[in-house]
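The values are calculated or read from the model by the stated rules, or taken from the named source; none is laboratory data. Treat the numbers as computed from the prediction; the structure is a model and nothing was measured. So basically every Cβ, Gly included, is an ideal-geometry build from the backbone, and we count neighbours across all protein chains shown.
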């Protein structure tokens, strides 16, 4: 029986450090993964905010990590200076971050189990006003980002601080993808970030944008699907959450359509 992705060239746009799992699953199913990060990840330009926080970490009861990158660019620096505080509960938006936290010995991190976004984290019983009011939280993230999490927690009586422990940047060009489109050798893209999708559109000329509009784009969250449609993409496939949802949708997609 032919593998479900036999002969399909599929672009994985996650940051390079998080791309290997989905790329491996695509290859296992007969496809050819092309890793093209739409967000480049690097340490924050200024390490001082994180270093200053490390000395004050006992003042917080909640530590929230928005992504695996937030864990990878903060926890090693913390543990190099001190043990993780016993009274500091780790929370994460996704299960990938939970796994990375566990790899550093921080177990039992709280995270949603079905939908992986700020809204889902805020819906958890442990995050309601009667539980968190009066506590202090620190959010580990990249440069910028959505304010929903902090704003909602402040409305619930939480004192919230941010630490930008890494930075995100856009690719300078998309010549690799353009060449694949020109040779009709690009079958689909997987996109896990609204910001990354905007980065891609911004570096494409009109001809390449037209090609993108006609390419199947698999996205694991309704917010990304909404952005894709706003940008004029015509073949947007919303999948289940995370990489598992993406590979499941890729495997059953009617490629002849």
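Worth pointing out:
- Only one of 39, 91 that is touching a residue at least 40 places away in the same chain (Cβ under 8 Å) and either in contact with a helix residue (DSSP H, G or I) (Cβ under 6 Å, 6 or more places away or on another chain) or under 27 Å from residue 154 (Cα atoms) (or both): 39
- Test: residue in segment 39-47 that is in a loop (DSSP other than H, G, I, E, B), modelled with pLDDT of 95 or more, farther than 28 Å from residue 203 by Cβ and outside the structural domain of residue 16 (by TED's automatic domain parsing): no
- Test: residue in segment 52-61 that is touching a strand residue (DSSP E or B) at 6+ places or on another chain (Cβ under 8 Å), in a strand (DSSP E or B) and surrounded by fewer than 16 Cβ atoms within 10 Å (Cβ to Cβ): no
- Of the helices (runs of 4 or more DSSP H) that lie entirely inside segment 99-204, those containing 1 or more residues that are without any contact (Cβ under 8 Å) to a residue 60 or more places away in the chain, outside the structural domain of residue 79 (by TED's automatic domain parsing) and surrounded by fewer than 17 Cβ atoms within 10 Å (Cβ to Cβ) span 175-182, 194-202.
- Test: residue in segment 13-26 that is in a loop (DSSP other than H, G, I, E, B), surrounded by fewer than 22 Cβ atoms within 10 Å (Cβ to Cβ) and over 20 Å from the mean Cα position of the chain (by Cα): no
- Picking from residues in segment 62-71 that are part of a helix (DSSP H, G or I) and touching a helix residue (DSSP H, G or I) at 6+ places or on another chain (Cβ under 6 Å), the one that is surrounded by the fewest Cβ atoms within 10 Å (Cβ to Cβ) is 68.
- Residue satisfying all of: in segment 74-88; part of a loop (DSSP other than H, G, I, E, B) and touching a helix residue (DSSP H, G or I) at 6+ places or on another chain (Cβ under 8 Å); farthest from residue 132 (Cα to Cα) among these: 82
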